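Visitor: Here it is, the structure in full.
The values are calculated or read from the model by the stated rules, or taken from the named source; none is laboratory data. Because the structure is predicted, anything quoted here is derived from the model rather than measured. No Cβ is skipped: glycine too gets one built from the backbone with ideal geometry, and neighbour counts run over all protein chains shown. The accessibility values were calculated without ligands, DNA or RNA, using every heavy atom of the protein model including side chains. Shrake-Rupley method; radii C 1.70, N 1.55, O 1.52, S 1.80 Å.
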Amino acid sequence: KRGRIVLVGVTGLELSRADFYEKELTFQVSCSYGPGRYDAEYEEHGHDYPVGFVRWTEQRNFDACLYLMKTGVLNLAALTTRRVPYAKALEAYQDLLGEGAVKEVGVVLEYEGSNRCSVISNQSAETQAAGPGRLKTDHGLLKPPVARLDVIGAGNFARTLLLPHLVGQVPFGTIVNQTALSANHVKAKFGFAEASTDASTVLGAPSSASERTIVANAPSGSSARAEREAGAPAAVLIATRHHLHAPLVVQALVANRHVFVEKPLCLSRAELADIDAALAKSSGSVQVGFNRRFAAASVELKELLAAAPGPKTASFRVVPGRLDPSHWYANYAESGGRVLGEACHFLDYFCFLFGSRPVRVLAQTTWPASGRLPFPDSVTAQVEFADGSSGQLIYAGAGDTTWPKEQCTVYGAGVVAELTNFQELLIRRGRKETKRRFDGKGHAEQMAAWAAFLRGAAEHPLPYEQARQSMVLTFAVLESIQQGRSVGL
């Protein structure tokens, strides 16, 4: 009487009303993984449920399950009825279709020379999106060099900090900007061959969101088609608002372009997976605008630290000022917020300085606990690296803006160095103090390095794996804030 029947998985439903009526039974379908499943705000945008109200969400269920498996408390041996070499996988699947399937619960496929395994279940299951796998190595010297460079997005940033350093370095093709007036102005100023307001004129017709995840077919635009048929390499610089970065990068890679995209590379892990898939099938390449690692002061600082043995500690303090509510950065659908849009610079800088892999991060926003935002304006983050180094980022929207905007202090074996606005580098070592003056935050140096790559005179200056690692670290910082815990990478 008054029992409850719970359906786990998928099966045919042949229910009798009489059975339920007579005993007042309750029937419930179990949603896989737990609360949050099929909720785009949770799964795609990272809006977590408050732990005090929803203790076991999809993510927390997975964390707990993996922890129990790791510690041996949850022993899956009883569910493993057979182990099969991967070479005999087809036979295992055929067995599951036969009479012997009733005896099987879980069949483990074993890969020779690897600890990885895959499970075939006789029950229905859902799979999570695959990771990037082995990413393609970036190009060496280009042969032949690119035929032209097209530019999508020519706002004030591109006009003042990027394009002036590319003039005369590589042939300019088409400039694409939001309005015809501004596009023609940039065309005349920098000597582009064509001007347009439509990115498809240089990349081809954009794919749908679902097609971008597969990236199987080349675009249909005449320019991209002619390029593909002729086999001539071309490049594209993307300096649009942030929400357009990933779709344009994917489209450019499908067209086999060599891409420079301003930071951030993308706004979600799903978009990052799209780019991974596109790059794996493309003859193009990707470089992200992490310019600060190219600054002259950065190069000298890294050489100084390389001579100091052992792990290092770095503290990067940034005072950008409060965000104007009317600024497009306040539109989180376009910008992704300041952590994704700006703080990624300084998280990448830690990866550059230490030359090591980030393994764990603990972050918090300095907004009031009762009014935390999914896209914080201020953040502190503590990043642990595989070699024992540690990076602390303080990105504070509050504060007196007359204070230096960017300061980085690094502690190594027998040396302390402080970098201020990438203009002054103070070094104290052996009771001696030296000061060096520099100019610029690396925009000119990065453009020069990329132009040399496009001309076939140098190798790719920033491998995709490194830029990707910095974006994964940035996503982990946001997740740490939203989930209120440390996050492993």
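Visitor: With the structure loaded, tell me whether residue 358 is more than 23 Å from residue 271 (Cβ to Cβ) and either open to solvent by 10 Å² or more (accessible area, probe 1.4 Å) or under 15 Å from the mean Cα position of the chain (by Cα) (or both) or whether it fails that test.
Guide: Taking the combined requirement at face value, the residue does not satisfy it.
Visitor: Let me ask you something else. How many residues does the stretch 298-328 hold that are surrounded by 16 or more Cβ atoms within 10 Å (Cβ to Cβ) and in contact with an Asp or Glu (Cβ under 8 Å, 6 or more places away or on another chain)?
Guide: 7
Visitor: Scanning the stretch 2-23 for residues that are of a type in the set (Asp, Glu) and open to solvent by 90 Å² or more (accessible area, probe 1.4 Å), which turns out farthest from the chain's Cα centre (by Cα)?
Guide: To start, the set of residues in the stretch 2-23 that are of a type in the set (Asp, Glu) comprises 14, 19, 22.
Adding the requirement that they be open to solvent by 90 Å² or more (accessible area, probe 1.4 Å) leaves 14, 22.
Numbers: 14: 46, 22: 56 Å.
Among those residues, the one meeting the criterion is 22.
Visitor: Here's something else I'd like to know. Hey, could you check the stretch 1-14 for residues that are among the hydrophobic types (A, V, I, L, M, F, W, C) and touching a strand residue (DSSP E or B) at 6+ places or on another chain (Cβ under 7 Å) and say which is farthest from residue 33 (Cα to Cα)?
Guide: Filtering the stretch 1-14 down to residues among the hydrophobic types (A, V, I, L, M, F, W, C) leaves 5-8, 10, 13.
Filter again for touching a strand residue (DSSP E or B) at 6+ places or on another chain (Cβ under 7 Å), leaving 5-7.
On the way: 5: 18, 6: 15, 7: 14 Å.
Taking the candidates together, the pick is 5.
Visitor: Among (1) closer than 22 Å to residue 454 by Cα; (2) within 13 Å of the chain's Cα centre (by Cα), which single condition is residue 251 missing?
Guide: Going through (1) closer than 22 Å to residue 454 by Cα; (2) within 13 Å of the chain's Cα centre (by Cα) one by one, residue 251 breaks only (2).
Visitor: Does residue 39 satisfy being charged (D, E, K, R) and in contact with a His (Cβ under 9 Å, 6 or more places away or on another chain)?
Guide: Details: charged (D, E, K, R): yes; in contact with a His (Cβ under 9 Å, 6 or more places away or on another chain): yes.
Yes: the conditions hold for residue 39.
Visitor: Okay, moving on. What number of residues within the stretch 378-392 satisfy the criterion of being part of a strand (DSSP E or B), open to solvent by 10 Å² or more (accessible area, probe 1.4 Å) and touching a residue at least 60 places away in the same chain (Cβ under 8 Å)?
Guide: Taking the stretch 378-392 as the starting set, the residues that turn out to be part of a strand (DSSP E or B) are 379-385, 390-392.
Going one step further and asking which of them are open to solvent by 10 Å² or more (accessible area, probe 1.4 Å), we end up with 380, 382, 384, 390, 392.
Subset that is touching a residue at least 60 places away in the same chain (Cβ under 8 Å): 390, 392.
So the answer is 2.
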